[in-house]
Amino acid sequence: MLSAPVWAQERKAERVVRVGVLDPLPPATNAANIEQLRKGLRAAGYSEGRNLAIEYRASEGRAGRYARLAEELVRLPVDVLIARGTQAALSAKNVTHELPIVALGVNDPVDTGLVASLERPGGNVTGIAFLIKDLETRRVDALRALAPKTRRIAGLMNTGNPAIAHAWKMLEEAARGFKLEAVLVDVRKRSQIEAAFDDARSRDADALIVQLGSLGAAQRQSVVELAARHRLPAIYPSRQYVDAGGLVSYGMDAAQLFYRAAAFVDRLARGAKAAELAMEAPPKFELVINRKTLRSLGLVIPPDLLLRSNEIV
């Protein structure tokens with residue numbers, strides 16, 4: 001018994017893996033997703049207070065903050081950096097070429113210069129990525145199924161964001177494939193959002209596809225209320241808009257992204273090279289529809305779309 005304290009002192013301390021998270025959402029809003037990250041890491045043998053520490057930084061909807069926040073995480077330092085979204089991942093890569101980065105939910109990473117190829121990224125970035133053309137095609141298809149009288153779609157998009165500018169091109173192409181017309185309403189500042197809806201109406205838009213980048217809860221609520229006021233069916237990139245009263249969202253299941261990120265963190269912490277870890281497709285997409293908003297617009301859910309939906313709220 002007397003020798004136990006001496007044995008404990010002599011035992012080699014377990015290495016603590018420090019994981020940095022760079023995200024658009026504040027911690028409270030993103031808590032459920034971070035818990036999924038913890039869950040995945042626990043399954044891999046990590047627990048906070050023993051061999052894991054998580055450092056969280058949020059841009060809170062201001063993309064210009066990503067570079068400074070990434071620098072903070074690199075200086076701490078962290079062993080692996082998780083960056084959600086194309087802008088966050090690109091900012092992190094510009095800050096460091098050595099620290100391994102797990103990019104989550106990035107679009108067309110080869111075209112944006114994030115990686116050399118999906119199979120062999122070739123630098124310090126790996127993670128989970130999707131092809132924007134497929135995503136935009138599915139969004140247009142879901143919107144026209146809910147609002148079958150749609151002939152002209154307005155894209156409310158912040159094309160100052162390179163990823164969203166690319167998404168606009170894919171949206172145009174997808175709309176043409178369904179024999180629909182797409183018109184761009186470019187929204188670079190939050191102060192332009194209200195006028196953008198007036199612009200969409202003046203251009204005889206029947207429906208909207210909204211991609212304005214990272215917005216705070218108040219801005220998302222404002223967008224949803226403006227869509228209702230103008231009686232414009234709209235599809236959004238995340239279910240947060242639907243929870244706020246938006247009609248429909250189609251996008252990646254964020255909880256599954258963070259859970260899967262844990263496997264990348266584990267492999268990188270054990271010595272794997274990001275340059276050699278192939279990027280993966282998102283494990284799950286989700287289609288969420290707001291029944292109350294649907295009824296207020298006089299719309300119905302087609303049976304095939306109902307079967308494809310993940311949740312009706």
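The values are calculated or read from the model by the stated rules, or taken from the named source; none is laboratory data. Model, not experiment: these values are computed from the prediction. All Cβ positions, even for glycine, are placed from backbone atoms using ideal geometry, and neighbour counts span all protein chains on display. Protein only, heavy atoms only, side chains kept; ligands, DNA and RNA dropped before computing areas. Shrake-Rupley method; radii C 1.70, N 1.55, O 1.52, S 1.80 Å.
Key figures for this structure:
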| quantity | calculated |
| --- | --- |
| Protection-proxy order for peptides 82-95, 253-266, 290-303, 192-205, each taking the mean of Cβ atoms within 10 Å per residue, highest first | 82-95, 253-266, 192-205, 290-303 |
| Per residue, the convex hull volume that the Cα atoms of region 84-138 enclose (Å³) | 69 |
| Debye, to nearest 20: dipole size of the chain, +1 on Lys, Arg Cβ, -1 on Asp, Glu Cβ | 360 |
| Separation of the residue 97 and residue 203 label points, Cα + 7 Å toward Cβ, nm | 4.0 |
| Region 51-163 shape via C-alpha gyration tensor axes, a/c threshold 1.5 | prolate |
| Anisotropy class of region 100-174 from Cα gyration tensor, a/c 1.5 cut | prolate |
| Under Karplus coefficients 6.51, -1.76 and 1.60, residue-wise ³J(HN,Hα) of region 45-50 in Hz, glycine/proline x | x, 10, 8, 5, x, 10 |
| Eligible aspartates and glutamates near residue 292 by straight Cα distance, threshold 16 Å, same-chain separation 8 or greater | 225, 243, 311 |
| All lysines inside 20 Å of residue 93 as judged from Cα atoms, apart from same-chain residues fewer than 8 positions distant | 273 |
| Convex hull volume of the chain per residue (C-alpha atoms, cubic angstrom) | 139 |
| DSSP-defined antiparallel bridges as percent of all bridges, region 150-307, nearest 5 | 25 |
| Rounded if a/c under 1.5, otherwise prolate or oblate - region 187-294, Cα gyration tensor axes | prolate |
| Chymotrypsin sites (Phe, Trp or Tyr not before Pro) within region 112-194, DSSP loop, no more than 16 other Cβ atoms inside 10 Å | 178 |
| Net charge, residue 290 excluded, C-beta distance under 12 Å - Lys, Arg +1, Asp, Glu -1 | +2 |
| Per residue value of the accessible surface for region 100-243 (all protein chains in place, 1.4 Å probe), Å² | 42 |
| Distance (nanometres) between label positions extended 7 Å along Cα→Cβ at residue 309 and residue 179 | 2.7 |
| Projected label distance in nm at residue 191 and residue 16, using a 7 Å step from Cα toward the beta-carbon | 4.5 |
| Principal semi-axes in Å for region 92-216 [√(5λ), Cα gyration tensor, largest first] | 31, 17, 10 |
